[in-house]
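*Asks:* Sharing a structure here in structure tokens format.
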Amino acid sequence: MSFRLTCLLKIARKNPRWRRAGPCSVIVMLLSFSTGARAQQAHAQLSASSCIEGATVVPLLGGNGDSPIIPVKAGSSPAAMFVSPAFSHILVHDHDRIWFPQGPAQQVVAQDGNRVIAEHTEIDSLTIGAVSLPMVPALLLDGEAKHSADGLPVLGIIGRDILAHVEVLLDVPHRTLALFQWSRRKGCGETPAPIFTGDVYTVPMDSDAGIQVRIGPASARLRLDPDLAVSVLPRPDAHAAGVSDEILSHDPRVTARYVSIQAGARHRFPTVTIGAESLSGFDFVIEDSIRNGALGENFFEGVVALLDFPHGRFIFQPTDDRNDAPVLHLHFDQSRQGYTAVREQQGKPDHQ
């Protein structure tokens, strides 16, 4: 399948802004799809496009295995940010001449349960594509931003404070992120599933971007977190799926860096089922320190995913296409094999 989403947003004297009431306007929205030799009918394209009331489309920076990174503007300064629905807030670092005001302190919990101190701050304006958001609340982390993508400083990560109010189309294989709103008027359907052609899979999704996944004989709630380089699973969930500590002792050892360095075992499960879709030979890193499992980049690299927050649905379509851009080895909250200070080896890790 190939998926292309092209939009022309109305250019006004002032940039369009999302509000909780009143989406930004669109003058032309063209959705074109193809599945092999069969193209979607023209009237279906028009029907889907007429139900999209606001949209902005931006490229994903980086390659296969990188966290989703998009170009933005913080005030008037070009920059980039990670994107993940697993994070509730917007987190930023200062960088060079891009500084954020400091406010009251707050603890932030990382994926591995470690806590760091952040300060409340505000981004004067955050521009994503054609949409400019004024006075965006954020949390300021200690230290300056250290990474860059396409020459842009990667300031931090965009979480559900923004994402939960819109439809989020995350198309990692084709390097595209689209944010839009789906019309409630008659004829548009309950969810934005009509933007796809061909078979799609739909499962309920909670407000924290969590879905139920069957791993072998057991069911587990996993968060959708494309920032993770590889999907993760707490050890008790692995046990529930029939994988004992003895089995895990023979799996490859993996060290992952969050706030601290965590050791785990990379295990391949024969079958992982999401709704009506079964994934064969799917890898999870089994870790002791995490409380919640998550589907990471090794899932999102092979699907076109729609996080339908307004309707509580996760809609996805598998594809054989892959992002072939150069890999930047960038993730906000996790690094793994092949990255700095991370190694994977067979058997048990050496003790120093």
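*Asks:* Quick one: length gained pulling Val109 to Ser77 fully straight, 0.36 nm per residue minus the C-alpha distance?
*Replies:* Gain on extension, Val109 to Ser77, equals 8.7 nm.
*Asks:* So for each of 298-307, 117-126 I average, over its residues, the number of other beta carbons within 10 Å; can you give me the resulting order with the highest mean first?
*Replies:* 298-307, 117-126
*Asks:* OK, next. Lys and Arg at +1, Asp and Glu at -1: add these up for the other residues within a Cβ distance under 11 Å of Leu306 and post the number.
*Replies:* Details: positive: Arg313; negative: Glu167, Asp171, Asp308.
Local net charge: -2.
*Asks:* Rounded to whole Hz and in sequence order, give me ³J(HN,Hα) for the stretch 292-301 from the Karplus expression 6.51 cos²θ - 1.76 cosθ + 1.60, θ = phi - 60°, writing x for Gly and Pro.
*Replies:* Whole-Hz 3J(HN,Hα) from phi for the stretch 292-301: 10, x, 7, 8, x, 4, 5, 8, 5, 5.
*Asks:* While we're on this one: Can you run phi through the Karplus equation (6.51, -1.76, 1.60; θ = phi - 60°) for the stretch 119-130 and list ³J(HN,Hα) in whole Hz, with x for Gly and Pro?
*Replies:* Result, rounded to whole Hz: 10, 5, 8, 8, 8, 3, 8, 10, 9, 10, x, 8.
*Asks:* So for the stretch 201-345, averaging the separation of alpha carbon pairs under 8 Å that are six or more residues apart and normalising by length, what relative contact order in percent results?
*Replies:* It comes to 33 percent, rounded to a whole number.
*Asks:* Pop a pseudo-label 7 angstrom from the Cα along the beta-carbon direction at both His165 and Glu190 and give the gap in nm to one decimal.
*Replies:* Calculated label separation equals 2.6 nm.
*Asks:* Could you give me the ³J(HN,Hα) list for the stretch 190-199, computed from phi with Karplus coefficients 6.51, -1.76, 1.60 and θ = phi - 60°, whole Hz, x at Gly and Pro?
*Replies:* 6, 10, x, 3, x, 5, 8, 10, x, 6
*Asks:* Say each of Asp150 and Arg322 gets a label point 7 Å from the Cα, pointing the same way as Cα to Cβ; how far apart are those two points in nm?
*Replies:* It works out to 2.2 nm between the two label points.
*Asks:* Based on the Cβ-Cβ distance from Asp96 to Ile117, what FRET efficiency comes out when R0 is 25 Å, to the nearest 0.05?
*Replies:* That gives a FRET efficiency of 0.65.
Each value in this text was obtained by applying a stated rule to the coordinates, not by laboratory testing. Computed from a prediction, not measured in an experiment: that's the story for all the values here. Glycine also receives a Cβ, built like all others from the backbone with ideal geometry; neighbour counts cover every protein chain displayed.
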